[in-house]
1. Just to check your reading of the model, which residue among B:217, B:249 is assigned to a helix (DSSP H, G or I) and either in contact with a strand residue (DSSP E or B) (Cβ under 7 Å, 6 or more places away or on another chain) or surrounded by fewer than 19 Cβ atoms within 10 Å (Cβ to Cβ) (or both)?
2. Considering the range B:39-66 alone, what residues qualify as being buried (at least 16 other Cβ atoms within 10 Å of the Cβ) and among the aromatic types (Phe, Trp, Tyr)?
3. Checking residue A:40 against (1) surrounded by fewer than 16 Cβ atoms within 10 Å (Cβ to Cβ); (2) assigned by TED's automatic domain parsing to the domain that holds residue A:156, which test does it fail?
4. Mind counting the residues in the range A:22-50 that are within 19 Å of residue B:127 (Cβ to Cβ) and at the interface with another protein chain (Cβ under 9 Å from one of its Cβ atoms)?
5. Give me the residue from the range A:174-212 that is within 14 Å of another protein chain (Cβ to nearest Cβ) and not in a helix (DSSP H, G or I) and, out of that set, farthest from residue A:164 (Cα to Cα).
6. Determine whether the range B:244-254 contains at least one residue that is hydroxyl-bearing (Ser, Thr, Tyr) and within 18 Å of the chain's Cα centre (by Cα).
7. Filter the range A:43-74 for residues that are touching a helix residue (DSSP H, G or I) at 6+ places or on another chain (Cβ under 7 Å) and among the small types (Gly, Ala, Ser); which is surrounded by the most Cβ atoms within 10 Å (Cβ to Cβ)?
Amino acid sequence: MARSRRHFGVVLSYVVMALGAAVFVGPLIWVVSTSLMSPDQNPFLIPPQLIPHPFTVGNYAAVFKTWPFGQYLFNSLKLALLSVAGTAVISAFTAYPLARMEFAGKRVFFALVIATLVLPGEAMLVPRYLLVNFFGMVNTFWGVAVPGFFSGFGVFLMRQAYLTLPQELEDAARMDGAGELRIFGQITTPLVLPSLAALAIFTFLGSWDAFLWPLVILNSQKMYTAPLGLAYFFGYFGASWQLIAAASIIVILPVIVVFISLQRLFVSGVTGAVKG
Amino acid sequence: MRSGPNRSRRTNPAYHRAWFVPYLFLAPGAVLLVIWNYIPAFYAIWISLTNAAPGNHSQFIGLANYVQLLSDPSFWNSLLRSLEYLLVVPVLVIIPLLVAMLLNQRLPGIGVFRALYFLPVVVSMVVVAIVFSEIFQTIGLLNVSLMSLHLLKQPISWLALPSLAIFVVMLVTVWKGIGYYIIVYLAGLQTVPKELIDSAKVDGANLWARVRHVTVPLIWPFMMFVMIISTLGAMQVFTEIYVLTGGGPLQTTTTLLFYVWQKTFSSYRFGYGAAAGEVIFVLLVALSYVEFRLSGRRWTT
């Protein structure tokens, strides 16, 4: 009796989980399927076809031939790498003394860092734009990336990581005559690389996904990132859904591949932000 | 940084570094923090008191922007829409918790499901919004499906109906956001000792009682975290609106942030946009304050 109830529970769990998975993955599969249709095929067939018949990869070529989509992707990549480098370096340097040194003003500074967590950049859209303008960085990748180099989340995450290291580690290095910068660069930071990698992935993802801020800062088409280019061709040109679908897959595929190969780091990044 | 080994330091466990070392480490981050967070926060107040626009010498005009703001029905509409958008918060606090409890079982293949549920989180919002636009447009996947199942005679213009459009946009926010909160809750559920659940079972507590009296009190901090983060998210919604509705129909999806963006970058009224931005600022501070107060409280039954 109890056993059959347990079995029922397990079966029910799988059914519910499968339905949920269909809700989350179904639309994405539909995009893949649509991207393989020629523009004169009907993407709204019921029931949807997993692999359209006949199928074509022509849309993928067309995306690069008829749009400057290669340029958009390259721009997105440049911007993301710039953001990752800046955020990783600034977060590590800022978090380190907060975790491992005593100094006057430490608590105040940390409070100022934490306060940024509840005040997202979107609330400062106008003044930040005017500052970017003041520094002459409108329509540059620097203008998009630099305001995000300091990340409250990043500093918090890295501080948590540095806090876990034992004091003996530093003492031993110091006895061997290592200076502060060397201890930071060669002893402690290598040990928090998993956290740094999690931060890098999240920053990359955030930059790859960013829309409003690049939309405001980048105003020439040749500077457009992939999301901006995609929205532009979707909204203004009303390009065919089959073509848009192919472009969409090109935009999300790199991130999904990264996600699948580094799943563990994603999860540790999310949970690292909650703890503490 | 140090020149050569120093014998007294070597034997002294309480090593004293030069006082300025921590500040050297902090300096670059501190400069960026001030320039890009604290200066804008105060600069915004100043801008909002001027008639700043591209190409003009901005002049101090006092509270004129705010007066105009408060007398603009579209502003009040956008404020209401932003508050209405907070409907996603309870959804994002509760649904992911239920899913996480489902995914927290020891079952073969459960890792695959966890990965699948997280997938939308890594998909660019522009793509998600475009896909849902193709699903919900008048000749879209949903209407075609419903009509072929004879559940619908006439297609419904989901995105063109003032009463419906905002809910479609919210659905997009929820669909993409849920996976993130599932992971947060899974981390929370790891902290719940299995023995506690088991002993509650032995005591004859049913599922609802176990959730209410064991699980929820223990993961309460995680629920508060999700509440705060999803509130911030709800106030920052932009891409979904831009792609799906452009703020329409009849401004029913024009939230505060969208209003600020329109006033600033379509009408090019920086001062006025900054004034409206201050309202977002105040709203966020107020919401965060309320929620922090709430999160300080323990869950009691």
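The values are calculated or read from the model by the stated rules, or taken from the named source; none is laboratory data. Model, not experiment: these values are computed from the prediction. Cβ atoms come from the backbone with ideal geometry, glycine included; neighbour counts cover every protein chain shown.
1. Working: B:249 fails: assigned to a helix (DSSP H, G or I).
None of the other options fit; the residue is B:217.
2. Residues satisfying the conditions are B:43, B:66.
3. Residue A:40 satisfies every listed condition except (2).
4. 11
5. Checked the range A:174-212; the qualifying residue farthest from residue A:164 (Cα to Cα) is A:211.
6. Taking the range B:244-254 first, the residues hydroxyl-bearing (Ser, Thr, Tyr) are B:245, B:252-254.
Checking the rest, the ones that are also within 18 Å of the chain's Cα centre (by Cα) come to B:253-254.
Scanning the range B:244-254 turns up at least one residue that is hydroxyl-bearing (Ser, Thr, Tyr) and within 18 Å of the chain's Cα centre (by Cα).
7. A:62
A quick yes/no check of all residues on (1) more than 7 Å from chain A (Cβ to nearest Cβ); (2) at pLDDT below 90:
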residue	(1), (2)
B:2	no, yes
B:11	yes, yes
B:29	no, no
B:40	no, no
B:75	yes, no
B:88	yes, no
B:93	yes, no
B:97	yes, no
